[in-house]
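Written below as structure tokens is the structure these notes are about.
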Amino acid sequence: MAETYPAILFVHGFPLDHEQWRPQLTRLSRWRCIAPDLRGITGGAAPDGACSMGVYADDLVGVLDAARIDRAVWCGLSMGGYILFEVLRRHPERVLGVVLCDTKAEPDSAEGKAGRDELVRVAERDGAAAIAERLLPKLLGTTTRAERPEVVATVRAMASRLLVPGLVGALRAMRDRPDSAPVLEQISVPALVLGGSEDEISPAAGMRAMAQRIRGATYVEVPEAGHLAPLERPELVNEALEDFLLHASFR
Ligand code: MLT
């Protein structure tokens, strides 16, 4: 039973919370799905200045411990993927399989790091709604922005209600994250790599190349979706997830 229906731990991206996974949580109800919020994003302990991918990874292992789950399939989107790489470095024994959505293994460039610092200033000065407005055009694909106003409204509302200390902690943790490219060749559990064809933050070509570096990984490109493919084309993403969860051999 445990092998057929493994627990799934969903790790959200930035600037989002667990609600980004609502379409998956609804559809994948036969699996035990856990979708926590990262620290400080919606409440709880605010991250201090030293927040890092390691802090998030340890927090999430604590969530599994509290739920008495030994190993899970970890599904991370973008920043959730960055955290997943850290989990693979620190706690590989807790990982039964990986789903990497709209993410990348490379660290920030110097320009990217400066962009994080600029966003920290925006968050501290103007609040979460300003971060939402800045990032929305990049988060959603051109098709979603033109044809799915309800998705645009959902993401805007979700990003606007987040707490500034959590946003700042996440921005600094992303800025300082290490290069995870060496982790790719070491992944020895079943892997699904999935991304939107219109993703500007983690472009499809990079996602495909990443999948090629992971032994046995399945790659799925989601048409007419941007960086938030699971929210933009939930029916296609859910199909890919179900197929992976039912057919991968988790050991
Ligand atoms: C995310 O969706 O988590 C962010 O876009 C990641 C990033 O800014 O690098």
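A few comments on the model shown:
- Selection within region 74-98 - in contact with a helix residue (DSSP H, G or I) (Cβ under 7 Å, 6 or more places away or on another chain) and away from the ligand (no atom under 13 Å from the Cβ): Trp74, Glu86, Val87, Leu88, Arg89, Arg90, His91, Arg94, Val95, Val98
- Qualifying residue in region 194-206 (condition: closer than 20 Å to Met53 by Cα and within 13 Å of the ligand (Cβ to nearest atom)): yes
- Any hit, region 225-235, residues being over 25 Å from Arg27 (Cα atoms) and out of contact with any strand residue (DSSP E or B) (no Cβ under 8 Å at 6 or more places or on another chain): no
- Among residues of region 139-197, those that are among the acidic types (Asp, Glu) and either in contact with a strand residue (DSSP E or B) (Cβ under 7 Å, 6 or more places away or on another chain) or more than 23 Å from Ala57 (Cβ to Cβ) (or both), counted: 2
- Scan of region 171-184 for residues that are surrounded by 16 or more Cβ atoms within 10 Å (Cβ to Cβ), touching a Lys or Arg at 6+ places or on another chain (Cβ under 9 Å) and in a helix (DSSP H, G or I), ordered by number: Leu171, Arg172, Met174, Arg175, Val183, Leu184
- Scanning region 43-80 for residues that are modelled with pLDDT under 95 and out of contact with any Lys or Arg (no Cβ under 8 Å at 6 or more places or on another chain) yields Gly43, Gly44, Asp48, Ala50.
- Members of region 190-207 found to be free of Cβ contacts under 8 Å to residues at least 24 places away in the same chain and more than 22 Å from Glu235 (Cβ to Cβ), listed by number: Pro203, Ala205
- The set of residues in region 99-111 being of a type in the set (A, V, I, L, M) and within 13 Å of the ligand (Cβ to nearest atom) consists of Leu100, Ala105.
- Given (1) in contact (Cβ under 8 Å) with a residue 60 or more places away in the chain; (2) surrounded by fewer than 21 Cβ atoms within 10 Å (Cβ to Cβ); (3) under 23 Å from Arg175 (Cβ atoms), number of the condition Leu16 does not satisfy: (2)
- Strands (runs of 3 or more DSSP E) fully within region 1-117 counting 2 or more residues that are closer than 23 Å to Gln212 by Cα, among the β-branched types (Val, Ile, Thr) and in contact with a strand residue (DSSP E or B) (Cβ under 9 Å, 6 or more places away or on another chain): 95-101
- Check on Ala114, surrounded by fewer than 18 Cβ atoms within 10 Å (Cβ to Cβ) and over 21 Å from the mean Cα position of the chain (by Cα): yes
- Of the listed requirements (1) within 11 Å of the ligand (Cβ to nearest atom); (2) under 30 Å from Arg71 (Cα atoms), Leu119 misses just one: (2).
- Whenever a residue of region 85-104 is under 15 Å from Ala57 (Cβ atoms) and without any contact (Cβ under 8 Å) to a residue 60 or more places away in the chain, it has no partner that is within 16 Å of the ligand (Cβ to nearest atom) and among the charged types (D, E, K, R) lying with C-beta atoms less than 7 angstrom away and at least six residues away or across chains.
- Residues (surrounded by 17 or more Cβ atoms within 10 Å (Cβ to Cβ), under 16 Å from the mean Cα position of the chain (by Cα) and part of a loop (DSSP other than H, G, I, E, B)) located in region 192-230: Asp199, Ile201, Ser202, Pro203, Ala225, Gly226, His227, Leu228
- Total residues in region 133-164 satisfying the condition of being closer than 17 Å to Asp199 by Cα, of a type in the set (A, V, I, L, M) and surrounded by 12 or more Cβ atoms within 10 Å (Cβ to Cβ): the figure is 7.
The values are calculated or read from the model by the stated rules, or taken from the named source; none is laboratory data. Just so you know, these numbers come straight off a predicted model, no measurement behind them. As a convention, Cβ positions derive from the backbone with ideal geometry for all residues, glycine included, and neighbour counts pool all protein chains shown.
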